[in-house]
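J.: The structure's right below; bear with me while I get my questions together.
The values are calculated or read from the model by the stated rules, or taken from the named source; none is laboratory data. For clarity, every value in this text was computed on a predicted model and none was experimentally measured. Neighbour counts run over all protein chains shown; Cβ positions are idealised from the backbone, glycine included.
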């Protein structure tokens, strides 16, 4: 079963042991064989391949080189050497590339959003680069047409839904290739993968639908399709050989083919021929791409090992693995779960049933709802200001009259409540949550026709953070919000942002994020958000700003103390995220208000887009303000974002989840909502 899932691609593999008996003599420079040269015509001069991309900056002063280096080892298996080796691989490769003139972006143990953010940053930097290099060390797998690079934090051992999680959160190699190729057409792209390419869902199936490779692209694989990539004492075997090759004095003069054939020979010798590196290449002078296993050759100082692997292989048989996968989704009311199964097992034993379920669920979803929409919450009493107050949060929120008792520690977290039963009909959940329009309510505050709709949040106090494994959410600390404030009922929408653009105070959105006026405005930096709130404050004469981290979490929790505002367990239909229920589209977030509101009447606090806050990023809450004010510092470049986006899974929808991003960088998943002080 999944709780016995092993993150290895050789059953029974044992700890690597090195044999250092080889003689230490001068290494040979290995050139391509005549047959290889005949099948791989010379690279055109404009690809920069006549000069190795690893030439030192002193040898090549004309090429700008940019590299993204990622090493992931945190996969929930403390005994696997990849846990320490892969991050060390990334740091060492990054240092070697910097020494050879590369601008290097290094990420270790990167989560799904961190990997995507790094790829976006890589693409932006590449726009003026001549040579682009992507390196990945960690777990990988091949499922059909997808080569998936696995982010850190995917713990397959303890998650019954691990198959869906791996497929949904793995980063497709084609995403990386597209980022590199679209940035500068015709330039050299080099991809190096120290990972396995096995299929854990069908271990016997090693054939690969190869990624689409544009001209002037080289992909260096540490192992052949279906093979394993070994780990040594400090590095992956392939990376160790590559590091030695890069540190050789003649690395600058070697062609790419010669360098990688040399690395391949070292790896074959070290693994006694069980690991077979290979290349996949495409060049602009001919219309076809080429592939080549890297042949062995006589080299010195060979180190033989019995390897541990970098792949993913279940302990059970392939048949049992498929049954386990099906059992985890068989009662689902969401087509995406069955599509994930079909991606892994296109001809599986349950394939016909999966197709039938998808057809039935989609047909049901297209049928008009016959039941009335959920009743609106009862109206709250009017306040002295004339607005109707939102529902008062539960006992965890304390109002000014009871502030004295608020200093006591928060009550212990209640035991986890069971998830509610699934909907009674296939389409019940998606239809119940889909919202086409939100008629104005008496408690809404709106200062102009183009302004965001605001809701009042009462003063009170709450326990901020969590005791999960994420150190950035610790320590849990008691925060008192001393005055009421108003916060956006929705994130700022495209229509609202465009009002600022029309006034000449904000920049235009990118075309892909500007097509639907009721969608959340996105692809925005923290600096962009600041321009908007300044314009809004000037236009209305009211004190608009970004929420502080404390205000954001206080509003999101809405008086609850559970992991999610709706309970202790992920529940579909409450957030726009990857495994959180239909509707969901990979291209972008749903319209604001599509999913359920929290107890304060706020929509899309979780999922949709990450939301900027006023706070500078801090790695944890040691020394954080306890009065709800922003934790800021002069010249802060990294800001805190909250809430998760449509691209993340349910694990990122927890109320305490936080992340960071560079204040001046735009990212397609980032948006914001506004706060207004109430005096």
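J.: Based on what the data block shows, is residue 591 modelled with pLDDT of 95 or more and over 21 Å from residue 457 (Cβ atoms)?
T.: On the way: modelled with pLDDT of 95 or more: yes; over 21 Å from residue 457 (Cβ atoms): yes.
Here the answer is yes, as residue 591 does meet what is asked.
J.: Among the residues of the range 443-472, which ones are in contact with a helix residue (DSSP H, G or I) (Cβ under 6 Å, 6 or more places away or on another chain), surrounded by fewer than 20 Cβ atoms within 10 Å (Cβ to Cβ) and in a strand (DSSP E or B)?
T.: Of everything in the range 443-472, nothing turns out to be in contact with a helix residue (DSSP H, G or I) (Cβ under 6 Å, 6 or more places away or on another chain), surrounded by fewer than 20 Cβ atoms within 10 Å (Cβ to Cβ) and in a strand (DSSP E or B).
J.: If only one of 140, 132 is buried (at least 23 other Cβ atoms within 10 Å of the Cβ) and at pLDDT 90 or above, which one is it? Please lay out each step first, then the result.
T.: Values: 140 fails: at pLDDT 90 or above.
Going through 140, 132 in turn, the sole match is 132.
J.: Right, another one. Would you point out the residue of the range 100-121, among those that are closer than 25 Å to residue 247 by Cα and touching a helix residue (DSSP H, G or I) at 6+ places or on another chain (Cβ under 8 Å), that is surrounded by the fewest Cβ atoms within 10 Å (Cβ to Cβ)? Before you say what the answer is, go through the steps one by one.
T.: Keep residues of the range 100-121 that are closer than 25 Å to residue 247 by Cα, which gives 100-108.
Then keep just the ones that are touching a helix residue (DSSP H, G or I) at 6+ places or on another chain (Cβ under 8 Å); that gives 100, 103-108.
Details: 100: 21, 103: 14, 104: 19, 105: 17, 106: 20, 107: 24, 108: 21.
The selected residue is 103.
Every residue, every condition in (1) in the same structural domain as residue 91 (by TED's automatic domain parsing); (2) in contact with a helix residue (DSSP H, G or I) (Cβ under 8 Å, 6 or more places away or on another chain); (3) modelled with pLDDT of 65 or more; (4) not in a loop (DSSP other than H, G, I, E, B), yes or no:
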residue: 214; (1), (2), (3), (4): yes, yes, yes, no
residue: 224; (1), (2), (3), (4): yes, no, yes, no
residue: 233; (1), (2), (3), (4): yes, no, yes, no
residue: 238; (1), (2), (3), (4): yes, yes, yes, yes
residue: 245; (1), (2), (3), (4): yes, yes, yes, yes
residue: 250; (1), (2), (3), (4): yes, no, yes, yes
residue: 274; (1), (2), (3), (4): yes, no, yes, no
residue: 286; (1), (2), (3), (4): yes, no, no, no
residue: 306; (1), (2), (3), (4): yes, no, no, no
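J.: Name the residues in the range 473-495 that are farther than 21 Å from residue 546 by Cα and either touching a strand residue (DSSP E or B) at 6+ places or on another chain (Cβ under 9 Å) or surrounded by 22 or more Cβ atoms within 10 Å (Cβ to Cβ) (or both), would you? If you could, list the steps in order and put the result at the bottom.
T.: Kept after step one, since they are farther than 21 Å from residue 546 by Cα, are these residues of the range 473-495: 474-478.
Listed by number, the residues that qualify are 476, 477, 478.
J.: For the range 523-544, what are the residues that are at positive phi and in contact (Cβ under 8 Å) with a residue 40 or more places away in the chain?
T.: 523
J.: So which residues in the range 482-495 are touching a residue at least 40 places away in the same chain (Cβ under 8 Å), closer than 21 Å to residue 642 by Cα and not in a loop (DSSP other than H, G, I, E, B), if there are any at all? Reasoning before the result, please.
T.: Pass one, the range 482-495, residues touching a residue at least 40 places away in the same chain (Cβ under 8 Å): 482-493, 495.
Add one more test, that the residue is closer than 21 Å to residue 642 by Cα, and what stays is 484-493.
Those that are touching a residue at least 40 places away in the same chain (Cβ under 8 Å), closer than 21 Å to residue 642 by Cα and not in a loop (DSSP other than H, G, I, E, B): 485, 486, 487, 488, 493.
J.: Can you name the residue in the range 180-197 that is at pLDDT below 80 and more than 22 Å from the chain's Cα centre (by Cα) and is also farthest from residue 167 (Cα to Cα) among such residues? Please lay out each step first, then the result.
T.: Taking the range 180-197 first, the residues at pLDDT below 80 are 182-186, 197.
Right, trim to more than 22 Å from the chain's Cα centre (by Cα) and you get 184-186.
Values: 184: 29, 185: 29, 186: 31 Å.
Only one residue fits best here, namely 186.
J.: I want to confirm something. Restricting to the range 252-268 and keeping residues that are touching a helix residue (DSSP H, G or I) at 6+ places or on another chain (Cβ under 9 Å) and modelled with pLDDT under 85, which single residue is surrounded by the most Cβ atoms within 10 Å (Cβ to Cβ)?
T.: 257
J.: Identify all residues within the range 517-543 that are under 16 Å from residue 645 (Cβ atoms) and assigned to a loop (DSSP other than H, G, I, E, B); write none if there are none.
T.: The initial filter retains those residues of the range 517-543 that are under 16 Å from residue 645 (Cβ atoms), namely 519-526, 529.
Answer for the range 517-543, where residues must be under 16 Å from residue 645 (Cβ atoms) and assigned to a loop (DSSP other than H, G, I, E, B): 519, 521, 522, 523, 524, 525.
J.: Just the residues that are in a helix (DSSP H, G or I), within 18 Å of residue 322 (Cβ to Cβ) and under 28 Å from the mean Cα position of the chain (by Cα), please, taken from the range 335-365. Break it down into steps so the answer makes sense when it comes.
T.: At the first step, the residues of the range 335-365 found to be in a helix (DSSP H, G or I) are 335-344, 351-365.
Narrowing the set further to residues that are within 18 Å of residue 322 (Cβ to Cβ) leaves 337-344, 351-358.
Hits for the range 335-365 are 337, 338, 339, 340, 341, 342, 343, 344, 354, 358.
J.: Let me confirm something: among 564, 554, 544, which residue is within 21 Å of the chain's Cα centre (by Cα) and in the same structural domain as residue 654 (by TED's automatic domain parsing)?
T.: On the way: 554 fails: within 21 Å of the chain's Cα centre (by Cα); 544 fails: within 21 Å of the chain's Cα centre (by Cα).
None of the other options fit; the residue is 564.
J.: While we're looking at this one, here's another question. For the range 623-650, give me each residue that is surrounded by fewer than 19 Cβ atoms within 10 Å (Cβ to Cβ) and not in a loop (DSSP other than H, G, I, E, B).
T.: Answer for the range 623-650, where residues must be surrounded by fewer than 19 Cβ atoms within 10 Å (Cβ to Cβ) and not in a loop (DSSP other than H, G, I, E, B): just 638.
J.: Oh, and also: Tell me the residue from 660, 676 that is part of a strand (DSSP E or B) and modelled with pLDDT under 90, please.
T.: Working: 676 fails: modelled with pLDDT under 90.
Just a single option satisfies the conditions, and that option is 660.
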